[in-house]
Amino acid sequence: MNSITIIRPDDWHLHLRDGAALQAVLPDTARQFARAIIMPNLRPPVTTTALAIAYRQRILEALKINPVRPDPFGHAQDRLVEGQSGSTGSPRTEAGFESYGFEPLMTLYLTDNTSADEIKKAKFSGMIHGVKLYPAGATTNSDMGVSDLGKCTAALEAMQAVGLPLLVHAEVTDSDVDIFDREKVFIDRHMVPLLQRYPSLKIIFEHITTKEAADFVASAPSNVAATITAHHLLMNRNDMFTGGIHPHHYCLPILKREEHRLALVKAATSGNAKFFLGTDSAPHAKNTKEAACGCAGMYTAHAAIELYAEAFEAADALDKLEAFASFYGADFYGLPRNTEQITLQKTSWTVPNELAMGNESLVLLRAGQQIHWKLI
Ligand code: NCD
Ligand code: ZN
């Protein structure tokens, strides 16, 4: 197969950051995806509807004012096509929507103090599509996260009542639990009790990385789904260490053994609607990754759909890419599917080493190496 045309995809888990970083990374996502679920782990975190709406406004502004970055990839020309409409069925009256066809879907950051009122406000804003649970200390900017799920009863009950999904970073933080086991242990300690206590709460098990998580989601009721990143489909934990340590392959949840990667590929390509695309593209400046204590997060937005295409092709399952990337997430979130299409061509191209991010730089996944599909 030399090319593949699919309905324009959505990214159901994305870090856009703010300020100069937002300006730098947003075009990469907007070029490929119609919509993205925007993670709320800013500093300070997006804990209220008012903060989420203000952040959404900054994203729309960035879409509007973003110059077409000199494009080392040679495939971003469509970024400013006038009148190109996204087609999510939602109103696209704000500046930026028409020209980029990209819609940010906002989330709230759950804390021990999130009130039921705040949840209702979020739901009725129509702009907030989920609430993110970061166990305190689990990952980047999670220190204001949840210390004890027991403190979130009011918020979780309200979410269940109004139909606002819970997006879970599913890793325990106990220092006596091995980093490679943190997801698996979270299932028994927290996921199972959560489902029992809130049987009709929509739960998205974010960026699953283990066979245990894939099995859990597959056998859970229909209100439970999962996102899968491209990097966890393409790499295993050896990729952090082969020939020396690779800080740009460090993310959370951490890359796992090959058997887990294979289980994720199987889940993503199974045609099971519970598994859908979420890049978890997480930009960090080069100097904070290449450091004595480097940040967790991989930047993949520059080639997201191409990387997924590679993973699906390797599994001989390109025919399953469209539903995974463009249908199942929208269905689970109760949003209309997109209607425009994108085309990917089987062409090898070399990923540039870095991208300017304000005064800093960002190292791209596969920097200096080839990717074998290209969005045209
Ligand atoms: C994310 C980030 O940098 O915000 N990092 C990561 O390794 N994935 C946070 C997260 O999703 O865990
Ligand atoms: Zn993330």
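Nothing in this text is a laboratory measurement; each read-out follows from the coordinates by a stated rule. Since this is a predicted model, take the numbers as computed values, not measurements. For neighbour counting, all protein chains shown are included, and Cβ atoms are generated from backbone atoms with ideal geometry for every residue, glycine included.
Aspartates and glutamates within cross-link reach of LYS64: Cα-Cα under 17 Å, excluding same-chain residues under 8 positions apart?
The reachable aspartates and glutamates, counting only those whose Cα sits under 17 Å from LYS64, are ASP18, ASP28, ASP78, GLU82, GLU94, GLU98, GLU103.
Placing unit charges on C-beta atoms (Lys and Arg positive, Asp and Glu negative, everything else neutral), compute the dipole magnitude of the chain about its Cα centre in debye, rounded to 20.
On the way: 35 positive and 42 negative charges, 81 e Å.
Magnitude of the dipole: close to 380 debye.
Using DSSP H assignments, which helices in the chain have an axial alpha-carbon span of 20 Å or above and a mean Kyte-Doolittle hydropathy of 0.0 or higher?
Details: long enough: 19-32 (21 Å, 0.09); 49-65 (24 Å, 0.60).
Answer set is 19-32, 49-65.
Which percent, nearest 5, of DSSP beta bridges in the chain are antiparallel?
Working: 13 of 36 bridges.
Bridges in the chain that DSSP calls antiparallel: roughly 35 percent.
Looking at the chain from every direction and averaging, what is the projected area of its Cα convex hull in nm²? Intermediate results must be reported in sequence, preceding the final value.
Details: hull surface 66.8 nm².
Hull-based average projected area comes out at 16.7 nm².
Run the helix sum for the chain: -39,500 (n - 2.57) per DSSP H stretch of 4+ residues, divided by residue count, reported at 222 nm to the nearest 500 deg cm²/dmol.
Numbers: 13 runs with 112 residues, N = 376.
It comes out at -8500 deg cm²/dmol, rounded to the nearest 500.
Which far-off residues, 5 or more places away or on another chain, put their amide H under 5 Å from the one on ALA36, with H placed in the peptide plane?
Those qualifying (amide H under 5 Å, at least 5 residues apart or on another chain) are ASP11, GLU103, LEU105.
Rank VAL177, VAL217, VAL351 by mean-square fluctuation in a GNM of the chain with C-alpha springs under 10 angstrom and give only the top-ranked residue.
VAL177
Along the charge dipole of the chain, which of GLN345, SER147, THR49 sits closest to the positive end, that is, farthest toward it, with unit charges on the beta carbon of Lys, Arg, Asp and Glu (+1, +1, -1, -1)?
The Cα lying farthest towards the positive end belongs to THR49.
Once you keep just the Cα pairs under 8 angstrom separated by 6 or more residues, what percentage relative contact order results for the stretch 158-249? Could you put the intermediate results ahead of the total?
On the way: 95 pairs, mean separation 23.9, N = 92.
Averaging sequence separation for qualifying contacts and normalising by length gives 26 percent for the stretch 158-249.
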